[in-house]
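Before any comments, here is the structure.
The values are calculated or read from the model by the stated rules, or taken from the named source; none is laboratory data. What you see is a predicted model, and the numbers here were worked out from it, not measured in a lab. Positions of Cβ are generated from backbone atoms using ideal geometry, with glycine treated the same way; all protein chains shown enter the neighbour counts.
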Amino acid sequence: MPSAHTLAETEQQVAAKLGALPIDFESMAVVSNLFRAANATRNYLERSVLAATGLSWTAFVVLWVTWIWEPIETRQIAEEGGFSKATLTGVLGTLESKGYLLRERSDKDGRLVNVSMTPAGRTLMTTLFPTFNDHERMITSSLDQTRRDELADMLRAITQVAEDQR
C-alpha cells in the first residue's frame, strides 16, 4: 500500500524535525529511499504479477531461489530470501501442497532438508518470470540503459558494504 505522504512531503517533514541534529541527510536519503523504492516495487509486483498466480512475495522468492540454486538446503533459502526459518517452513508447506517444490532429507546429514523444484514448479517459473521481468522493465523505464547499469552497480556496492558488516 502506498504511503499516505509523498516522498517530497516526507523529506520536508524529516528536514523540519531533524534539521538541528548532526545528521548526514544525503546518506539518510539514500537508505530511506532505497527502502521506500524496494517496498513500492514489491507491493506493485505482488499486485500486478503475483496476485494472478496466488503467490505472495515470499513464496515467489522461495521459488526463485530454489529455481536458481536447486537443490538447495532450507537454511540457504532462508538466508538468500532474508526471512526466518519459521516463515520458510510455512511457505514451503504451501508451495509443496501446490505441487511446485519437493522437500527431502539430506543424504549427507539427516538434520538438513534439501528443496528441489517439481516439473510443475519449473513450468510455473519459466512462464511467470518473463512476465515478472516485463514489469521490472516497466518499473525501470524512466532510466536509460546507462543509468540502469550505474544504479545496479551502486546498489551492488551498498549491498556489499552492508553484507561485509555481518
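Just a yes or no: is a residue in segment 10-19 in contact with a Lys or Arg (Cβ under 6 Å, 6 or more places away or on another chain), under 25 Å from residue 152 (Cα atoms) and not hydroxyl-bearing (Ser, Thr, Tyr)? Lay out the reasoning, then the answer.
Of all residues in segment 10-19, those in contact with a Lys or Arg (Cβ under 6 Å, 6 or more places away or on another chain) come to none.
No, that holds for no residue.
Can you name every residue in segment 1-20 that is closer than 25 Å to residue 41 by Cβ, of a type outside the set (Val, Ile, Thr) and loosely packed, with under 11 Cβ neighbours inside 10 Å?
Within segment 1-20, 1, 2, 4, 8 meet the criteria.
Residue 44 is checked against (1) among the hydroxyl-bearing types (Ser, Thr, Tyr); (2) within 17 Å of the chain's Cα centre (by Cα); (3) surrounded by 13 or more Cβ atoms within 10 Å (Cβ to Cβ); (4) at pLDDT below 95 and fails just one. What number does that condition carry?
The one condition residue 44 does not meet is (4).
In segment 49-104, which helices (runs of 4 or more DSSP H) lie fully inside it and hold 1 or more residues that are at pLDDT below 95 and acidic (Asp, Glu)? Explain how you work it out, then say what you get.
Working: elements: 57-69, 74-81, 85-97.
Once the helices (runs of 4 or more DSSP H) in segment 49-104 are filtered for at least 1 residues that are at pLDDT below 95 and acidic (Asp, Glu), what remains is 74-81.
Given the criterion touching a residue at least 24 places away in the same chain (Cβ under 8 Å) and either closer than 23 Å to residue 77 by Cα or assigned to a helix (DSSP H, G or I) (or both), identify the matching residue among 42, 36. Before the answer, list the steps.
Working: 42 fails: touching a residue at least 24 places away in the same chain (Cβ under 8 Å).
Going through 42, 36 in turn, the sole match is 36.
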